[in-house]
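**Student:** Quick one: the structure is below, and I'll ask about it shortly.
The values are calculated or read from the model by the stated rules, or taken from the named source; none is laboratory data. Predicted model only: the values in this text are computed from it and were never measured. Glycine gets a Cβ as well: all are built from the backbone with ideal geometry, and neighbour counts include every protein chain shown. Note: areas computed on protein heavy atoms with side chains; ligands, DNA, RNA excluded. Shrake-Rupley method; radii C 1.70, N 1.55, O 1.52, S 1.80 Å.
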Amino acid sequence: MSRINVFLAITSLLFLLVVVRSLRQRRINELTAILWIVFSFALVVTAAVLPFWAPKPIVRFFGIKTESSFGTYCGIFFLLVIVFHITEVITKQAVQIRKLTQELALLKNSNEHKGS
Amino acid sequence: MVRDSESGESRTASNVSPQFSEICVIVPAYNESGAIVRTVENIFDKMPGCEIVVINDGSTDDTYQRALTTNAQVVNLPNNLGIGGAVQTGFKFAETHGFNYAFQIDGDGQHDPGESVLLIERLIQTGADIVIGSRWLGRGEFNSTTSRRIGMKALEWLVSSKTKERFTDTTSGFRLFNRRAIQQFALHYPTDYPEVETIVIATRMGMKVVEAPVKMLPREHGKSSIRGFRSAYFMIRIFLTISTNTFGVS
């Protein structure tokens, strides 16, 4: 096991702990937390398990030469998934903000009209 | 004059034109302080008895304060929602207050409210749900840049190919809607650059959309929001949205 794998495994474990702690403190919601937990768990597996044991068909299929490059690939893929999820959330919230803004403005207009 | 949302009756409906009293004129305005008062007065002058609702779309100038000096209803959006969000707010207002018809007239003074009669006549003649005032059907002349005209021709082709009907002025913001269209668009309306999309959406929903020839006046104040790089973004976005049928409705 190379030093880079040790470093990756330790930081991934620490990150997993941070995610679990944030979830317990309700700083992130469950859906986002699940994504981050899967992400950090995959990093731990990539860093700590693959160097010792990796099924040969999988190694051949992905053309894995070094564990660190596979880890980088996994990292980028999961980050893309998370960014896409965040984009969906932002889009949904933009729609909600638009509705709220409209309702607030119409309500204010209605109240001002009643008051006059 | 405001309509009662439950009974649908006008509170001060006496001595007003029965036609115009059924109409809510939606005027979306973003930084139109130089033109908004004149636009509202012009509408009241040409369409006596109508209800005007100015939607101040988070303007950074004194459009809101100036609009308050008129007799129009003024709905002040605390954030800038864009033209789609502003016009939809107008539809929500018209829907809640029980109006049978809604006009969309831009706050920049480019549309002549005197031409509204042409749209009303066309709506009655054809039984349409939406009438679009087109500047390219032979009434008067409208100067536009070559690139803009090419863009408009491309949009005309796109919309006509999707709807199997010919539309000459897909970006016109001078429109008349009946109650059915008001109710539909109060619920779902595109976010950005809605004019082109709404033609396709309305046609898909089984609504009848027709055009009527109108004159378009040059802008009195301010500049069009679609210019420079934005016009390229506008074209790409519209083509992507309509060709993939992924309308940005909310």
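**Student:** Look at B:LEU155 and say whether it is in contact with a Lys or Arg (Cβ under 9 Å, 6 or more places away or on another chain) and within 19 Å of B:VAL210 (Cβ to Cβ). So that I can check it myself, show each step before the final result.
**Tutor:** Details: in contact with a Lys or Arg (Cβ under 9 Å, 6 or more places away or on another chain): no; within 19 Å of B:VAL210 (Cβ to Cβ): yes.
Here the answer is no, as B:LEU155 does not meet what is asked.
**Student:** Hey, among the residues in segment A:89-106 that are at the interface with chain B (Cβ under 10 Å from one of its Cβ atoms) and of a type in the set (A, V, I, L, M, F, W, C), which one's farthest from A:LEU35 (Cα to Cα)?
**Tutor:** For segment A:89-106, the residue satisfying everything is A:LEU106.
**Student:** Another question, then. Out of everything in segment B:110-127 that is in a helix (DSSP H, G or I) and among the acidic types (Asp, Glu), what residue ends up being surrounded by the most Cβ atoms within 10 Å (Cβ to Cβ)? Lay out the reasoning, then the answer.
**Tutor:** Of segment B:110-127, the ones in a helix (DSSP H, G or I) are B:113-126.
Now narrow it down to the ones that are among the acidic types (Asp, Glu): B:115, B:121.
Details: B:GLU115: 21, B:GLU121: 12.
Ranking the candidates gives B:GLU115 first.
**Student:** On to the next question. So B:ARG166 passes all but one of these: (1) in contact with a Lys or Arg (Cβ under 7 Å, 6 or more places away or on another chain); (2) not in a helix (DSSP H, G or I). Which condition number does it fail?
**Tutor:** Just one mismatch for B:ARG166, condition (1).
**Student:** A further question on this structure: Given the criteria in contact (Cβ under 8 Å) with a residue 24 or more places away in the chain and in contact with a Pro (Cβ under 7 Å, 6 or more places away or on another chain), does B:GLU197 qualify?
**Tutor:** Details: in contact (Cβ under 8 Å) with a residue 24 or more places away in the chain: yes; in contact with a Pro (Cβ under 7 Å, 6 or more places away or on another chain): yes.
For B:GLU197, the condition - in contact (Cβ under 8 Å) with a residue 24 or more places away in the chain and in contact with a Pro (Cβ under 7 Å, 6 or more places away or on another chain) - is met.
**Student:** Another one. Filter segment B:134-158 down to the residues that are among the hydroxyl-bearing types (Ser, Thr, Tyr) and either touching a strand residue (DSSP E or B) at 6+ places or on another chain (Cβ under 7 Å) or open to solvent by 70 Å² or more (accessible area, probe 1.4 Å) (or both), then identify the one that is modelled with the lowest pLDDT.
**Tutor:** For segment B:134-158, the residue satisfying everything is B:THR145.
**Student:** Name the one entry in A:ILE76, A:ILE97, A:ILE34 that is open to solvent by 40 Å² or more (accessible area, probe 1.4 Å), over 19 Å from A:THR11 (Cα atoms) and not aromatic (Phe, Trp, Tyr). Steps first, answer last, please.
**Tutor:** On the way: A:ILE76 fails: over 19 Å from A:THR11 (Cα atoms); A:ILE34 fails: over 19 Å from A:THR11 (Cα atoms).
None of the others qualify; the one that does is A:ILE97.
**Student:** Okay, moving on. For B:THR96, are the conditions met, namely being away from every other protein chain (no Cβ under 14 Å), within 23 Å of A:LYS99 (Cα to Cα) and surrounded by fewer than 24 Cβ atoms within 10 Å (Cβ to Cβ)?
**Tutor:** Working: away from every other protein chain (no Cβ under 14 Å): no; within 23 Å of A:LYS99 (Cα to Cα): yes; surrounded by fewer than 24 Cβ atoms within 10 Å (Cβ to Cβ): yes.
Taking the combined requirement at face value, the residue does not satisfy it.
**Student:** In addition: I need the full set of residues from segment B:35-59 which are of a type outside the set (A, V, I, L, M), away from chain A (no Cβ under 12 Å) and part of a loop (DSSP other than H, G, I, E, B), in order please.
**Tutor:** So the first thing to find is which residues in segment B:35-59 are of a type outside the set (A, V, I, L, M), and the list is B:38-39, B:41-42, B:44-46, B:48-51, B:56-59.
This time we only want the ones that are away from chain A (no Cβ under 12 Å), so: B:38-39, B:41-42, B:44-46, B:48-50, B:59.
Residues satisfying the conditions are B:PRO48, B:GLY49, B:CYS50, B:SER59.
**Student:** Taking A:SER40 as the residue in question, decide whether it is surrounded by fewer than 16 Cβ atoms within 10 Å (Cβ to Cβ), of a type in the set (S, T, N, Q) and assigned to a helix (DSSP H, G or I).
**Tutor:** Working: surrounded by fewer than 16 Cβ atoms within 10 Å (Cβ to Cβ): no; of a type in the set (S, T, N, Q): yes; assigned to a helix (DSSP H, G or I): yes.
So A:SER40 does not fit the description; no.
**Student:** Looking at A:THR91, A:THR32, which one is among the β-branched types (Val, Ile, Thr), part of a helix (DSSP H, G or I) and free of Cβ contacts under 8 Å to residues at least 40 places away in the same chain? It would help to see each step written out before you state the result.
**Tutor:** Working: A:THR32 fails: free of Cβ contacts under 8 Å to residues at least 40 places away in the same chain.
None of the others qualify; the one that does is A:THR91.
**Student:** Just to be sure I understand, how many residues within segment B:194-218 are open to solvent by 30 Å² or more (accessible area, probe 1.4 Å) and either in a strand (DSSP E or B) or touching a helix residue (DSSP H, G or I) at 6+ places or on another chain (Cβ under 9 Å) (or both)?
**Tutor:** 6
Per-residue answers, yes or no, for (1) within 22 Å of the chain's Cα centre (by Cα); (2) of a type in the set (Ser, Thr, Tyr); (3) crowded, with 17+ Cβ neighbours inside 10 Å:
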residue: A:LEU14; (1), (2), (3): yes, no, no
residue: A:VAL44; (1), (2), (3): yes, no, yes
residue: A:ARG60; (1), (2), (3): no, no, no
residue: A:LYS65; (1), (2), (3): no, no, no
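Here's the yes/no breakdown for (1) within 14 Å of another protein chain (Cβ to nearest Cβ); (2) buried (at least 22 other Cβ atoms within 10 Å of the Cβ); (3) closer than 30 Å to B:ARG166 by Cβ; (4) of a type in the set (D, E, K, R):
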| residue | (1), (2), (3), (4) |
| --- | --- |
| B:ASP61 | no, no, no, yes |
| B:VAL74 | yes, yes, no, no |
| B:GLY82 | yes, no, yes, no |
| B:GLN88 | yes, yes, yes, no |
| B:ALA102 | no, yes, yes, no |
| B:ILE105 | no, yes, yes, no |
| B:ASP108 | no, yes, yes, yes |
| B:ILE132 | no, yes, yes, no |
